Amino acid sequence: METGSLRGRTIVVGVTGGIAAYKAAALVSRLTQRGADVRVIMTESATRFVAPLTFQALSRNPVHTDIFDERDPAVISHIDLADRADLFIVAPATANIIAKMAHGLADDMLSTTLLATTAPILVAPAMNVHMYAHPAVQANLRLLAERGVRFAEPGTGPLACGYVGKGRMAEPEEILAAAEALLAEKGAGGAKGPLAGRRVVVTAGGTIERIDPVRYITNDSSGKMGIAIAEASRDLGAEVTLVAARVSVPLPGGVEIVRVESAEEMLHAVMERFEGADIVVKAAAVADYRPAVRHAAKVKKKEDRLTIELERTPDILAEAGRRKTRQFLIGFAAETEDLEANAMDKLRRKNCDLVVANDVTEPGAGFNTDTNSVIVFDAGGRAAEWTLLTKREIGLRLMRLAAERLAAREGNPG
Ligand code: CTP
């Protein structure tokens, strides 16, 4: 992003006690270079890693460490900072501050200011791999995500503790990009967003088709693409329902969540909401087949070979295409060959307005990746092509395109 892109924005950066505190210095420097008014709050332990003077020099503002150190008698500094913030970043975020945020603790300057702010919050966790994976930390992260807190996901690599794994703080550039995206969204979203007043139903994840009470057939879908679309729709102002099958990432806050297992359950969840929907996005990886018989009791081993007979599941997208009146329908096509012909065929057969196709054999595309490369088709052929973008960026572009198309169709361009 260019210099000056954050001019006029106040960004509060909370620094907690971890080795990665030195990377927060680079982040503060970059935010300041882009014109932001950066206010740094450090925890007591953060000051053991980097001196407050470093952050003071880089932000050109005094650094706050002590809640009782009130320098300006006209204001109460934690409330003043909380109110002024357009964005609050916590980087690095230790397991301790994440727990405090999740449970509403306020026992120092940073945690108290975090509790008092209504600004969007971006958290960049940094900790040992086992700490990050600990169920308590994961539960706290989920709780925060449900409340709308955003994350700059930690990377995988060598950690200061000697382990190699997930827990290394995201690079300053990544945090910066996430911060800019969050600010842009908040500026463009809400009541003024291009999807304001629209109802969007998104499906995500892989369906589970049960064989017996303890066994099932599923697929590799992580749900990331569908979740990114649900988040993008929310941020562009829509009222969103996310129909989620099996997913391997946290579900977003600020959207209605409907959990389902099978294709059959997903069909009902979508159809119940179909009438009221303006846009329906079928990003889920729905099983095409399910066991013809679902055993009520656990299947016991007997013979050397066991045959499971499969039958077709309902095609949810095709059913939506049949029932569609005014709804804007977006389907997905994961292909390994003849991308264009297959995608166009799906678009016509299932009566979609758009089909988002990707070649799942390409690196950085498809299941379980954070990025994707897609070609979007409409009835006229290729409508857009987006290469190696984050799923979040693809979600935003796709939903902006859908908003434009819907508005144009209603004779209300723009
Ligand atoms: N889909 C669906 N219900 C199903 C299967 C698929 O709604 N039972 C939707 C998916 O959510 C996706 C689109 O259909 O949006 C394309 O899925 P895919 O399985 O690639 O389509 P098929 O037409 O089944 O293609 P293929 O012939 O390649 O199996």
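Residues are listed down the side, and each one gets a yes or a no for (1) modelled with pLDDT of 95 or more; (2) more than 10 Å from the ligand (Cβ to nearest atom); (3) open to solvent by less than 70 Å² (accessible area, probe 1.4 Å):
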{"residue": "ALA297", "(1), (2), (3)": "yes, yes, yes"}
{"residue": "ASP304", "(1), (2), (3)": "no, yes, no"}
{"residue": "ILE316", "(1), (2), (3)": "yes, no, yes"}
{"residue": "ILE330", "(1), (2), (3)": "yes, no, yes"}
Residue check, ALA341 more than 28 Å from GLU239 (Cα to Cα) and within 12 Å of the ligand (Cβ to nearest atom): yes
Scan (1) within 10 Å of the ligand (Cβ to nearest atom); (2) touching an Asp or Glu at 6+ places or on another chain (Cβ under 9 Å); (3) touching a residue at least 24 places away in the same chain (Cβ under 8 Å) for the single condition MET266 breaks and write down its number. (2)
List every residue pair whose Cβ atoms sit under 6 Å apart, with the two residues 6 or more apart in sequence or on different chains, where the first one lies in segment 64-83 and is over 15 Å from THR118 (Cα atoms) and assigned by TED's automatic domain parsing to the domain that holds SER111 and the second, anywhere, is of a type outside the set (Gly, Ala, Ser) and not in a helix (DSSP H, G or I). HIS64/ILE41; THR65/MET42; SER77/GLU70
Take the residues in segment 275-293 that are more than 12 Å from the ligand (Cβ to nearest atom) and in contact with a Ser or Thr (Cβ under 9 Å, 6 or more places away or on another chain), then tell me which one is farthest from ARG409 (Cα to Cα). GLU275
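Considering ALA403, ALA379, which residue is within 19 Å of GLN327 (Cα to Cα), away from the ligand (no atom under 14 Å from the Cβ) and open to solvent by 20 Å² or more (accessible area, probe 1.4 Å)?
Working: ALA403 fails: open to solvent by 20 Å² or more (accessible area, probe 1.4 Å).
Sole residue among the options that is within 19 Å of GLN327 (Cα to Cα), away from the ligand (no atom under 14 Å from the Cβ) and open to solvent by 20 Å² or more (accessible area, probe 1.4 Å): ALA379.
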Being touching a Gly at 6+ places or on another chain (Cβ under 9 Å) and either over 20 Å from ILE19 (Cα atoms) or not assigned by TED's automatic domain parsing to the domain that holds VAL63 (or both) is true for just one of GLY148, GLY104. Which residue is that? GLY148
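Return yes when VAL247 is within 16 Å of the ligand (Cβ to nearest atom) and either within 26 Å of the chain's Cα centre (by Cα) or within 30 Å of VAL137 (Cβ to Cβ) (or both) and no when it is not.
Numbers: within 16 Å of the ligand (Cβ to nearest atom): yes; either within 26 Å of the chain's Cα centre (by Cα) or within 30 Å of VAL137 (Cβ to Cβ) (or both): yes.
Considered against the rule, which asks whether it is within 16 Å of the ligand (Cβ to nearest atom) and either within 26 Å of the chain's Cα centre (by Cα) or within 30 Å of VAL137 (Cβ to Cβ) (or both), VAL247 comes out as yes.
Can you name every residue in segment 8-37 that is part of a strand (DSSP E or B) and buried (at least 24 other Cβ atoms within 10 Å of the Cβ)?
Listed by number, the residues that qualify are ILE11, VAL12, VAL13, GLY14, VAL15.
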When you scan segment 233-243, do you find a residue that is under 18 Å from the mean Cα position of the chain (by Cα), more than 13 Å from the ligand (Cβ to nearest atom) and open to solvent by 60 Å² or more (accessible area, probe 1.4 Å), even just one? yes
Of the residues ALA357, ALA334, which single one is open to solvent by 60 Å² or more (accessible area, probe 1.4 Å), within 10 Å of the ligand (Cβ to nearest atom) and touching a Phe, Trp or Tyr at 6+ places or on another chain (Cβ under 9 Å)? ALA334
Conditions (1) within 11 Å of the ligand (Cβ to nearest atom); (2) open to solvent by 40 Å² or more (accessible area, probe 1.4 Å) -> ARG323 fails only (1)
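Take segment 131-142 and flag every residue that is open to solvent by 60 Å² or more (accessible area, probe 1.4 Å), in a helix (DSSP H, G or I) and touching a residue at least 24 places away in the same chain (Cβ under 8 Å).
MET131, ALA133, ARG142
How many residues are open to solvent by 20 Å² or more (accessible area, probe 1.4 Å) and not acidic (Asp, Glu) when one looks only at segment 385-398?
The total comes to 7.
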From (1) open to solvent by 20 Å² or more (accessible area, probe 1.4 Å); (2) within 14 Å of the ligand (Cβ to nearest atom); (3) farther than 18 Å from ALA277 by Cα, pick out the condition that doesn't hold for GLU309. (2)
Across segment 48-76, what is the number of residues that are open to solvent by 50 Å² or more (accessible area, probe 1.4 Å) and not in a loop (DSSP other than H, G, I, E, B)? 7
Here's a check for you: in segment 77-107, which residue that is part of a loop (DSSP other than H, G, I, E, B) and within 21 Å of the chain's Cα centre (by Cα) is surrounded by the most Cβ atoms within 10 Å (Cβ to Cβ)? THR94
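The values are calculated or read from the model by the stated rules, or taken from the named source; none is laboratory data. Predicted model only: the values in this text are computed from it and were never measured. Cβ: placed from backbone, ideal geometry, glycine included. Neighbour counts: every protein chain shown. All accessible areas refer to the heavy atoms of the entire protein, side chains included, with ligands and DNA or RNA removed. Shrake-Rupley method; radii C 1.70, N 1.55, O 1.52, S 1.80 Å.
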